[in-house]
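Contents: one structure, followed by commentary.
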Amino acid sequence: YEQEKIRNFCIIAHIDHGKSTLADRFLQRCHSVSDRDFKEQMLDSMDIERERGITIKSQAVTIEFNSVDGNTYQLNLVDTPGHVDFSYEVSRAISACEGALLLVDASQGVEAQTLSNMYMALDHDLDIVPVVNKMDLPSADLERVADQIEHDLGLEREMIYPVSAKTGKNVEELIEGLIKWIPSPGGSSENPLKCLIFDSHYDAYRGVVIHIRLFEGTIKAGDEICIMSNNSKYKVEDVGIFKLGLVPQKDLKAGQVGYIIAGIKNISDIRVGDTITLTKNPCEEALSGFREVKPVVFSSVYPVDTNQYEELHAAIDKLKLNDASLIYEKDASAALGFGFRCGFLGLLHLEVIQERLEREFGLNIVLTSPSVRYRITRQDGEVYFLDNPAEYPDPGTIELCEEPFIQADIITPTDYLGSIMTLCMGKRGIQTSMNYLDEKRVEIKFAMPLAEVLFDFYDKLKSISKGYASFDYEVIGFRPTNLVKLDIVINGDRVDALSQLVFKDNAYERGRIVCKKLKQEITRQQFKIPIQAAIGNTVISRETISALRKDVTSKCYGGDISRKRKLLEKQKEGKKRMKMVGNVELPQSAFLAVLKTS
Ligand code: GDP
Ligand code: MG
């Protein structure tokens, strides 16, 4: 342990600019992984990250680097996600570091999250090293991107390291550079222990594994620790650092990043952002922790099999440990039984949680249509928040209904300006500013209802700008709106789980699309099934699924047995994910279909 040879840094960038690829290269250069064991996206350990090619969780890893100056440095690298839904993960990673590599794609240039991530790093007083990545691309334009880095970000162009994370070109020089520019951590290993919980995960055998950054003091196995916010005490069983697995150490000292295992089974004791100290010699004051996360999308999660309720509860508890931004409370539905009302940071976050519940915990679940949180003022003056359509009151009792607005920050080549303005205005956006960054790029800001951005805004923006426009947003407050509750009636039964709160002018369109989607998703049955969308008692849209006439397998003409069997197996598989609503079987996909309506 030589404190002055430690560097704690994170890699921040707009999505797809190459953070995970650069982290891979670092691991290889520092021989943390043999060529035989190497696979792409080393640090993206969840299946879902590898499949989607995105980082969801921040990951820490310790690597050793032999510098040309003759010293061996201990580098703690934290890879971070780039998608706007996960900026909370970025802010946590930043709190564990002294410096950041700010990556900019050499052909794309500075984008919306390049800016927001840099501001976040500056807020935490990190030293920033600008890196231009993907220099191997024929379309790489170092001069133009260097201009942007100088002009938009206010960083010096002489500081820029042009690299290719893909080929490894200049990566060695970059590591030497970050050792030079990023300071070693402060603090003293003699002081009372003060460490920050920046993440944690649950291990089936060892209980809670707490990810920590030590700011002061020393910790070792056998110490009694105290978690400052709730004063719970534990005996430390093991401490260590992250390589590609957990590597035990004799102790951890000020400035280091690593883990603590202390036989903790009570998950709710551990909160990300909390401070850990020693009972024997406690520090005086806790670290400042993190800004509280505010979920913006709400949806209820139900087990398909009502017997799995307890299992779902345990699974959500464990996910919460690894994802502090997830919030939840108990919920009940007439159609779906007992479940949980959950808050998410965005639709991608919702999809990720859904997939993790299914994959990591083997649960079959359905999610109800997501909603933003509205502010309702009743005629008697009472003000409250509402996100669950099931709790929508008698419209006659409402004095004022307000919905959350965001400020959307879009950077685009000027070619697409017109169509992006049309898109934003179609989503009830109001332009608040326009700023030409240079002659080819413009930054526009729009005030827009969050509910309009949630669904297909991001995809549309990407497609009309051929992928060139980038987008970031923050919630700015509430504005008056005209809200209605759109109900879905299937075969005469109002299905509470499919109700949605929608802007009145969008209700007809939404109702029509939902009915149509449901018609595609619900399999024909022995009887005719009417599907209706209604506001109060007024039916605004209708579709009918005609009754089933033939056995499905008759399509196979009896000849091809294996095909017939496959079809039956497929049906059986599908059945497992069915939910009976009244006397109609709704497949899980029906609930999902309502999520993405366009
Ligand atoms: P992240 O979202 O910032 O973590 O980006 P990734 O590391 O997942 O990279 C996004 C895409 O860019 C992947 O397809 C990478 O293979 C590609 N990529 C990353 N670095 C380079 C590079 O230096 N050159 C080229 N040509 N492609 C790169
Ligand atoms: Mg990544």
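Take the eigenvalues of the Cα gyration tensor for the stretch 208-265, scale each by 5, and report the square roots as semi-axes in whole Å, largest first.
Three semi-axes, in Å: 17, 13, 10.
Please give the net charge around residue 515, taking every other residue with its beta carbon less than 12 angstrom from that of residue 515, where Lys and Arg add +1 and Asp and Glu add -1.
Net charge in that neighbourhood comes out at +2.
Got a number for the accessible area of residue 182? Probe 1.4 Å, square angstrom, nearest 10.
Here the accessible area works out near 0 Å².
Give the separation of the Cα centroids, the stretch 265-337 to the stretch 136-187, in Å.
Distance between centres, Cα-based: 38 Å.
With loop defined by DSSP as not H, G, I, E or B, and exposure as at most 14 other Cβ atoms within 10 Å, which is the longest segment of the chain clear of exposed chymotrypsin sites (Phe, Trp or Tyr not before Pro)?
Answer from the scan: 206-526.
Which ³J(HN,Hα) values, rounded to whole Hz and listed in residue order, are derived for the stretch 489-499 from phi using the Karplus coefficients 6.51, -1.76 and 1.60 in 6.51 cos²θ - 1.76 cosθ + 1.60 with θ = phi - 60°, glycine and proline given as x?
So the J values, rounded to whole Hz, are 10, 10, 6, x, 9, 6, 9, 4, 5, 9, 5.
If you keep only loop residues by DSSP, which trypsin sites (Lys or Arg not before Pro) in the stretch 381-472 have at most 13 other Cβ atoms within 10 Å of their Cβ?
The qualifying sites are 440, 466.
How big is the stretch 98-190 by the Kirkwood estimate over distinct Cα pairs, in Å?
About 13.8 Å, per the Kirkwood formula over Cα pairs.
Quick one: pull the percent of accessible area on the chain belonging to carbon and sulfur, 1.4 Å probe, ligands and nucleic acids left out.
Here carbon and sulfur together make up 48 percent of the probe-accessible area.
Once you keep just the Cα pairs under 8 angstrom separated by 6 or more residues, what percentage relative contact order results for the chain?
Answer for the chain is 10 percent.
Taking 0.36 nm per intervening residue step and subtracting the Cα-Cα distance, what contour gain separates residue 547 from residue 504 on full extension?
Once the chain is fully extended between residue 547 and residue 504, it gains 12.2 nm.
What is the Cα coordinate range of the chain on the first, second and third principal axes, sorted by size from largest, in whole angstrom?
Computed over the chain, the largest-to-smallest principal extents equal 79, 70, 60 Å.
How many Å² of accessible area per residue for the chain, probe 1.4 Å?
So the chain comes to 44 Å² accessible per residue, rounded to a whole number.
Calculated from DSSP H runs of 4 or more alone, at -39500 (n - 2.57) each and per residue, what is the 222 nm mean residue ellipticity of the chain, nearest 500?
-7500 deg cm²/dmol
Only sites in a loop by DSSP and with at most 16 other Cβ atoms within 10 Å count here; which GluC sites (Glu not before Pro) in the stretch 422-485 make the cut?
439
Using a 1.4 Å probe, how large is the accessible area of residue 523, given in Å² and rounded to the nearest 10?
Answer for residue 523: close to 70 Å² accessible.
Can you give the log10 of the normalised intensity I(q)/I(0) at q = 0.12 Å⁻¹, computed with Debye over equal Cα scatterers of the stretch 336-392?
Results for the stretch 336-392 at q = 0.12 Å⁻¹ read -0.39.
With only Lys, Arg, Asp and Glu charged, each at its Cβ (+1 for the first two, -1 for the last two), find how big the charge dipole of the chain is about the Cα centre; round to the nearest 20 debye.
Computed about the Cα centre, the dipole is about 3020 debye.
Report, to the nearest 10°, how far helix 112-123 tilts away from the longest principal axis of the Cα atoms in the chain, using its own Cα long axis and a range of 0 to 90°.
50 degrees
The values are calculated or read from the model by the stated rules, or taken from the named source; none is laboratory data. Note that the structure is a prediction, hence the values are computed from the model and not measured. Glycine gets a Cβ as well: all are built from the backbone with ideal geometry, and neighbour counts include every protein chain shown. Just so you know, the surface numbers come from the protein's heavy atoms only, side chains and all, with ligands and any DNA or RNA stripped out. Shrake-Rupley method; radii C 1.70, N 1.55, O 1.52, S 1.80 Å.
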